[in-house]
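Data block below; observations after.
The values are calculated or read from the model by the stated rules, or taken from the named source; none is laboratory data. As the structure is a computational prediction, the values presented were derived from the model and not from experiment. Because the Cβ atoms are built from the backbone with ideal geometry, glycine has one as well, and the counts that use them run over all protein chains shown. Keep in mind that these areas ignore ligands, DNA and RNA; they rest on the heavy atoms of the full protein, side chains included. Shrake-Rupley method; radii C 1.70, N 1.55, O 1.52, S 1.80 Å.
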Amino acid sequence: MSAPAPDAPLIALRTYAEDPFWNDTDGMQFWLWRRQAGKSFTAANKALRRMMEVPGLSSFFVSASVALGTEFVRKESEVWTKVLSEMKRRAASIGQELHTYATDKGRVLEFDHTDLDALSEIFEAQKLETRIYHDNTTYSRSRVIAPNPETAVGWTGDIWLDEVGRMPQFKEVLEAVLPFMSSSPQFRLLGITTPPPEDDHYSWELFAPAAGQEFTANPRGNYYISQAGYKVHRCDAWDAHAAGISLFDDITRKPLTPEEHRAKAYDKTAWDRNFALKFIMGGQAAVSLNDINRAMSGPLCGTALDITERLVAIPS
């Protein structure tokens, strides 16, 4: 008689997210992932897992703004919604019932765990804090804190830095939180981003690969050592495509390959940064798109500038 098939995991991870999710060996970790690859969702899952495994652990989410940081709270709510729904299904399969409750001003109320908005409101009502109780007095928690060094100082636990390439004071914030890592070997620091729009941003120094380094599409992503000596997990548009994650046409909404999606992109420099994960010197364009468009519609005379993939004539 064959053994019963094991239950599927409560949360299904994308192929390229599996190794970074389970990696608790590296104290400081960096993810360089293309836009909309599931960075925040995977990080929220990982934070919840670690809070479940380590009683009393605090996790602090620091994003480019507090408003962006609240996305972590909603992702946690999304995770809990999926987990509770699956737990309810499994309980029903053996003739049991699952009930979910929340406290509100001392009152214990049952609520619909499938209502993501309601669950998000419960989390946000606790001042952007989520708690997991291990017993009546011991709990792990996650908090969203402002992305500036003044508010970052004083917290101790896991640190989750999101969209660091757009964090104005990233260098100062990192200086404020790095001492956390020296206080306990169990703490982890995770920095997540796409390449920054400006080449003088501090994240450029930490994340940029060696000049000329090339990567082969891999559904599990690729690891490399940055110029600063840090281990980085990389997932660009081709890695995600190899893992079955499509890009979609802006108008028709049909799935596209990375090559097709880039060909249709109006701003190819932005595409190369956000999806190809290229660190582009010069950051912001030296000539605005409006000026370029005016030049292209005018008489073909003057000086030609090589911008991305086309020659643009600037009227004299």
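What the table below lists for this structure:
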| quantity | calculated |
| --- | --- |
| Residue ranges of strands (runs of 3 or more DSSP E) in region 11-126 with at least 3 members modelled with pLDDT of 80 or more | 28-33, 58-62 |
| Residues that are buried (at least 17 other Cβ atoms within 10 Å of the Cβ) and among the hydrophobic types (A, V, I, L, M, F, W, C), drawn from region 223-244 | VAL232, CYS235, ALA237, TRP238, ALA240, ALA242, ALA243 |
| Every residue from region 22-52 that is in contact with a Ser or Thr (Cβ under 8 Å, 6 or more places away or on another chain) and either open to solvent by 20 Å² or more (accessible area, probe 1.4 Å) or of a type in the set (Lys, Arg) (or both) | ARG34, ARG35, ARG50, MET52 |
| Residue check, ILE245 assigned to a loop (DSSP other than H, G, I, E, B), within 20 Å of the chain's Cα centre (by Cα) and of a type in the set (A, V, I, L, M) | yes |
| Top-ranked residue in region 250-271 [being at pLDDT 95 or above and acidic (Asp, Glu); ranked as least open to solvent (accessible area, probe 1.4 Å)] | GLU260 |
| Selected residue [within 20 Å of MET28 (Cα to Cα) and at pLDDT 75 or above] from TRP204, TRP155 | TRP204 |
| Enumeration of residues in region 248-269 that are in a helix (DSSP H, G or I) and without any contact (Cβ under 8 Å) to a residue 40 or more places away in the chain | PRO258, GLU259, GLU260, HIS261, ARG262, ALA263, LYS264, THR269 |
| Matching option when the condition is within 30 Å of LYS171 (Cβ to Cβ) and either modelled with pLDDT under 55 or in a helix (DSSP H, G or I) (or both), among ASP239, ASP291 | ASP239 |
